[in-house]
1. Determine which single condition residue 76 fails, assuming it passes every other condition in (1) in contact with a strand residue (DSSP E or B) (Cβ under 8 Å, 6 or more places away or on another chain); (2) under 18 Å from residue 128 (Cβ atoms).
2. How many residues are in contact (Cβ under 8 Å) with a residue 60 or more places away in the chain and surrounded by fewer than 20 Cβ atoms within 10 Å (Cβ to Cβ) if we restrict to region 39-72?
3. I need the full set of residues from region 36-53 which are outside any loop (DSSP other than H, G, I, E, B), over 15 Å from residue 102 (Cα atoms) and in contact with a strand residue (DSSP E or B) (Cβ under 9 Å, 6 or more places away or on another chain), in order please.
């Protein structure tokens, strides 16, 4: 609870994408708005601790809930480093749901039209993929 008693404050944070595993949804260098502790469902993009190296944070799509945790996949089927390699992710390693992303601004984008263009194209919500389970069945 906050001091005024108006309820809990939503814990948001920023994370950075490294690598190609979530391409085309996310690109290397994208910044993510993460809602820590948010409820999740299949299709959501989430930040989690890597099950085999828990000091490493990874961004993956939640495909389905299985016995023992979540089956997660990257959106880029050619990239490695998801449940195909390490199995299910225990629920306690799931940190938060990704709500949005923005691409960093190029330092050369200084004019108002360039800034407006960047803002229009770089800031986007990260939505759930309702058809994420088909990828699991296709493997």
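Every number in this text was worked out from the coordinates using simple rules, so none of it is lab data. Because the structure is a prediction, the values reported are computed rather than measured. So basically every Cβ, Gly included, is an ideal-geometry build from the backbone, and we count neighbours across all protein chains shown.
1. Result: residue 76 passes all but (1).
2. Taking region 39-72 as the starting set, the residues that turn out to be in contact (Cβ under 8 Å) with a residue 60 or more places away in the chain are 41-45, 61-64, 71.
Checking which are surrounded by fewer than 20 Cβ atoms within 10 Å (Cβ to Cβ) leaves us with 41-43, 64.
Adding up the residues that qualify gives 4.
3. Hits for region 36-53 are 36, 46, 47, 48, 49, 50.
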